[in-house]
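Notes to accompany the following structure.
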Amino acid sequence: MNRILMFLVACLISMPMFAQTTFYIRGQLGKLPAPAKVYIGFSIDGDIVYDSADIVNGTFKIVQDAPYPVNALLMVSKNGEPVNFFSNKNVAHLYVEPGASMWLTSDEDIANFETNGCKTQDDYAGYQKHMADINAKIDALTTESSNTMFSDVSASGLAAKRNYMERFRAAMDERRAQMKEFIQQNPEMYICIDILDEYAGAFIDYQDVEPLYKALSEKTKKTIRGKAFQKKLLESKLAAVGSEAPDFSQKDQDGNKITLSSFKGKTVLLNFWGSWNSASRIENQELKQIVKTLDSKKLVVINVGLEARREYWNKAITEDKLTGYNVSDLKFMKNEIAQLYRVSAVPQNVLIDETGKIIARNLKGNLLEEKLKSLLGK
């Protein structure tokens, strides 16, 4: 009898091990009829999870697994056909977590949802409320950009674009400040590792981000996401402000090797861009306006094209009339210089002083112009 009892106890203890990653979402979407479906998508360690559930008289049930809290997209297809993550408007962003049993209600537009049963989602809802005003401001600026004549390269057109970009950057700086404030006020919340990842961006400022990471709870730092971010943070230190700029050689359009170390004694600006990226093209025009007033004998601009096709790269250089040297190894996002400098998105830049040390990263617009003038004595 004791052996049987011990066996049953062992089974009861071990059972949650098989179910601890499972979460449930039950929902009511008005009276939405078949053949409508709900689709769910999220990422686990870089792998995409994509699933669906039938909707019957407005009700649905999703059962899935996640080893840690993740931000998921729920999308509705009224005809049951698979939906596009990027174009579908009937979408809900919410967190799911291991062991959660969630109840979601909405009208037939799932974007209007309310939910309970997941602590991480409750925390995320608080974060969204914290960010609501600044996100609304950025949405308004984004709408304005669609009405701005970015193809206008006249003096007045360039001035208008530069004015817009300064306002947009100011709004994005305000957004980052509010993200930082939320992390500092709520370091125990798991969602702060995701917020910090977004805050850090593609170009991590180690000196700024490292204290925020250290302030997170030990529980969060020991998670898969926490350890992955720590690894990325430590890697960013290799090309952080204050470190020696990694040397490189890369070919220009004519096949000539351009080597960073050959410009010792001059200030060097590395401009990482892509012909395929509209923000890069706008910043190229702005950079050209900034550089033309500076001493070209003291400043070297190296435009590093993250390109895959030579003809597109050449065409964009001609159209943008880029100042300085143009280099690319045509390896797209795996460009060797980009990897050396931990660049995974464009537009980005790195400023290197005459001794070969990195002194700034990602200065834009007026801040970049003021910094260059101070360095070049203008």
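Longer than 24 Å from Cα to Cα, which of 257/331; 266/371; 222/364; 137/237; 89/137 are they? Say none if no pair is. Please report the intermediate quantities before stating the final value.
Values: 257/331 16 Å; 266/371 14 Å; 222/364 35 Å; 137/237 33 Å; 89/137 20 Å.
Too far apart for the 24 Å limit: 222/364; 137/237.
Against the longest principal axis of the chain, how steep is helix 191-200, in degrees 0 to 90 to the nearest 10, with axes from Cα atoms?
10 degrees
Nearest 20 debye, what's the magnitude of the dipole of the range 121-238 about its Cα centre given +1 on Lys and Arg Cβ and -1 on Asp and Glu Cβ? Intermediate values should be presented prior to the final figure.
Values: 18 positive and 19 negative charges, 78 e Å.
Once rounded to the nearest 20, the dipole reads 380 debye.
Could you rank the peptides 298-304, 122-128 by their average count of other C-beta atoms within 10 Å per residue, with the highest value first?
Details: 298-304: 21.0, 122-128: 16.3.
For the peptides 298-304, 122-128, the packing ranking is 298-304, 122-128.
Among the trypsin sites (Lys or Arg not before Pro) in the range 52-148, which ones are in a DSSP loop with at most 13 other Cβ atoms within 10 Å of the Cβ? Mind listing them? Don't jump to the answer; show the numbers that get you there.
Values: sites: 61, 78, 89, 119, 129, 137; in loops: 78, 89.
Within the range 52-148, the qualifying trypsin sites (Lys or Arg not before Pro) (loop, at most 13 other Cβ atoms within 10 Å) are 89.
Rounded to the nearest 20 Debye, what is the dipole magnitude of the range 22-115 about its Cα centre when Lys and Arg each give +1 and Asp and Glu each give -1 at the C-beta? The partial results should precede the final answer.
Details: 6 positive and 11 negative charges, 57 e Å.
Dipole about the Cα centre, nearest 20: 280 debye.
What does the charge count near residue 171 come to, summing +1 for each Lys or Arg and -1 for each Asp or Glu among other residues with Cβ under 14 Å from its Cβ? Please report the intermediate quantities before stating the final value.
Details: positive: 137, 167, 169, 175, 176, 364; negative: 133, 139, 144, 166, 173, 174.
The answer is 0.
Going by amide H atoms built from the backbone, whose H comes under 5 Å of the H on residue 357, apart from near neighbours?
Under 5 Å from the amide H of residue 357: 245.
Assign unit charges at the C-beta atoms only (+1 for Lys and Arg, -1 for Asp and Glu), then state the dipole size of the chain relative to its Cα centre in Debye, rounded to the nearest 20.
820 debye
Please compute the per residue accessible area over the chain with all protein chains in place, 1.4 Å probe, rounded to a whole number of Å².
On the way: 19920 Å² over 378 residues.
I get 53 Å² per residue for the chain.
Leaving ligands, DNA and RNA out of it, report the carbon-plus-sulfur percent of the accessible area of the chain at a 1.4 Å probe. Don't skip to the end; give the middle numbers.
Values: 10920 of 19920 Å².
That fraction is 55 percent.
State the answer as a single residue: which of 32, 170, 138 lies farthest towards the positive end of the charge dipole of the chain, with beta carbon charges of +1 for Lys and Arg and -1 for Asp and Glu, about the Cα centre.
Positive-most Cα among the choices belongs to 170.
Restricting to DSSP H runs of at least four residues, report the calculated mean residue ellipticity at 222 nm for the chain, -39500 (n - 2.57) per run over all residues, nearest 500 deg cm²/dmol. Don't skip to the end; give the middle numbers.
Values: 11 runs with 155 residues, N = 378.
After summing the helix terms and dividing by residue count, I get -13000 deg cm²/dmol.
Name the long-range amide H neighbours of residue 322: under 5 Å, sequence gap of 5 or more, or other chain; modelled H, no Pro or chain starts.
Residues meeting the amide H criterion: none.
List the residues, sorted by chain then number, that are 5 or more residues from residue 303 or on another chain and whose placed amide H is less than 5 Å from its amide H.
Distant-sequence amide H within range of residue 303: 271, 325, 326, 327.
Taking θ as phi - 60°, what are the ³J(HN,Hα) couplings along the range 41-48 by the Karplus curve (6.51, -1.76, 1.60), each to the nearest whole Hz, with x for Gly and Pro?
Here the 3J(HN,Hα) series is x, 7, 10, 10, 6, x, 8, 7 Hz.
What aspartates and glutamates could a cross-link reach from residue 119, if we take a straight Cα to Cα line under 14 Å and drop same-chain neighbours fewer than 8 places away?
Those aspartates and glutamates meeting the cut-off are 97, 188.
Over the range 22-115, what is the relative contact order in percent, taking alpha-carbon pairs closer than 8 angstrom and at least six residues apart?
On the way: 239 pairs, mean separation 34.2, N = 94.
Once divided by the residue count of the range 22-115, the mean separation gives 36 percent.
Can you order the peptides 328-340, 271-283, 244-256 by their average number of other Cβ atoms within 10 Å per residue, highest first? Could you put the intermediate results ahead of the total?
Details: 328-340: 17.5, 271-283: 20.2, 244-256: 13.7.
Per-residue Cβ counts within 10 Å, averaged per peptide and sorted highest first, yield 271-283, 328-340, 244-256.
If you restrict to DSSP beta bridges whose two residues both lie in the chain, what percentage is antiparallel, to the nearest 5?
Working: 43 of 59 bridges.
Expressed as a percentage, antiparallel bridges in the chain total about 75.
Take every DSSP beta bridge whose two residues both sit in the range 22-115, then give the antiparallel share in percent to the nearest 5.
85 percent
For the Cα atoms of the chain, what angle does the longest principal axis make with the long axis of helix 278-291, in degrees from 0 to 90, nearest 10?
So the inclination is approximately 30 degrees.
Would you list which aspartates and glutamates come within 20 Å of residue 37, measuring only between C-alpha atoms, while excluding same-chain residues fewer than 8 positions from it?
In chain and number order, the partners are 51, 54, 65, 81, 107, 108, 109, 114.
Could you tell me which of the pairs 288/315; 180/232; 264/297; 315/373; 161/251 are separated by over 20 angstrom between their Cα atoms in the structure shown? Walk me through the numbers before you get to the answer.
Working: 288/315 17 Å; 180/232 18 Å; 264/297 12 Å; 315/373 31 Å; 161/251 32 Å.
Pairs exceeding the cut-off: 315/373; 161/251.
Scan the range 36-68 for chymotrypsin sites (Phe, Trp or Tyr not before Pro) in coil per DSSP, keeping those whose Cβ has at most 10 other Cβ atoms within 10 Å, and list them by number. Kindly include the intermediate steps, with their values, before the conclusion.
Working: sites: 39, 42, 50, 60; in loops: none.
Sparse-neighbourhood loop chymotrypsin sites (Phe, Trp or Tyr not before Pro): none present.
The values are calculated or read from the model by the stated rules, or taken from the named source; none is laboratory data. All values derive from a computational prediction rather than experimental measurement. So basically every Cβ, Gly included, is an ideal-geometry build from the backbone, and we count neighbours across all protein chains shown. Surface areas here come from the heavy atoms of the whole protein model, side chains and all, with no ligands, DNA or RNA. Shrake-Rupley method; radii C 1.70, N 1.55, O 1.52, S 1.80 Å.
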